[in-house]
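Colleague: I have a structure I would like to understand better, so I am pasting it below and will then ask my questions one at a time.
Nothing in this text is a laboratory measurement; each read-out follows from the coordinates by a stated rule. On a predicted model such as this, the values are computed, not experimentally measured, just so you know. Please note: Cβ atoms are built from the backbone with ideal geometry, for glycine as well, and neighbour counts cover all protein chains shown.
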Amino acid sequence: MAAHDVTDDRELRIAARAVQLYAETHPRPTQVTQKQAAEILGVHPKTVRNYVAAGKLKLNGCGLIPIGAVDALLTPQNLRKAS
């Protein structure tokens, strides 16, 4: 194994651990507002409202969007369909 491979592997392990520690100390919400969903998806809040109107995102009884529905739209295939 080349020296740069060892360095890359070590850096990858450090980054993975940093992400794990962040996730443990900053739990994700189970539901988000339409504005938060827009920020996560990288779109304008009006776009999220259009997704809701079109049935691409569904609001729960509190008017919030389940985080799983937002995550499902983050796949490259779904982002192309949603556009």
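Colleague: Could you work out how much longer the chain between residue 59 and residue 16 gets when fully extended? Use 0.36 nm per residue separation minus the Cα distance between them, nm to one decimal. Before the final figure, lay out the partial values.
Modeller: On the way: separation 43, 0.36 × 43 = 15.48 nm, distance 3.26 nm.
Here the segment from residue 59 to residue 16 would lengthen by 12.2 nm.
Colleague: Please sort through the DSSP H helices of the chain and keep those with an alpha-carbon extent of at least 27 Å along the long axis and a Kyte-Doolittle average not below -1.0. Walk me through the intermediate numbers first.
Modeller: Numbers: long enough: 3-25 (33 Å, -0.47).
Passing helices, by number: 3-25.
Colleague: Counting Lys and Arg as +1 and Asp and Glu as -1, what is the net charge of the other residues whose Cβ lies under 14 Å from the Cβ of residue 59?
Modeller: Working: positive: 35, 49, 56, 58; negative: none.
Computed value for this residue: +4.
Colleague: I've got another one for you. Quote to one decimal, in nm, the extra length available between residue 75 and residue 50 on full extension: 0.36 nm per residue of separation minus the C-alpha distance between them. Mind dumping the intermediate values first?
Modeller: Details: separation 25, 0.36 × 25 = 9.00 nm, distance 1.85 nm.
In short, 7.2 nm is gained.
Colleague: When ranked by the protection proxy of mean other Cβ atoms within 10 Å per residue, highest first, what sequence do the peptides 65-72, 54-61 form?
Modeller: Details: 65-72: 16.2, 54-61: 11.6.
Descending mean neighbour count gives 65-72, 54-61.
Colleague: Based solely on its DSSP helices, what 222 nm [θ] is calculated for the chain when runs of n ≥ 4 H residues each add -39,500 (n - 2.57) and the sum is averaged over all residues, nearest 500 deg cm²/dmol? Walk me through the numbers before you get to the answer.
Modeller: Working: 5 runs with 55 residues, N = 83.
Mean residue ellipticity at 222 nm (helix-derived): -20000 deg cm²/dmol.
Colleague: Still on this model: Near the amide H of residue 31, under 5 Å away, which other amide H atoms are found, from residues 5 or more places off or on another chain, if H is placed in the peptide plane?
Modeller: 67
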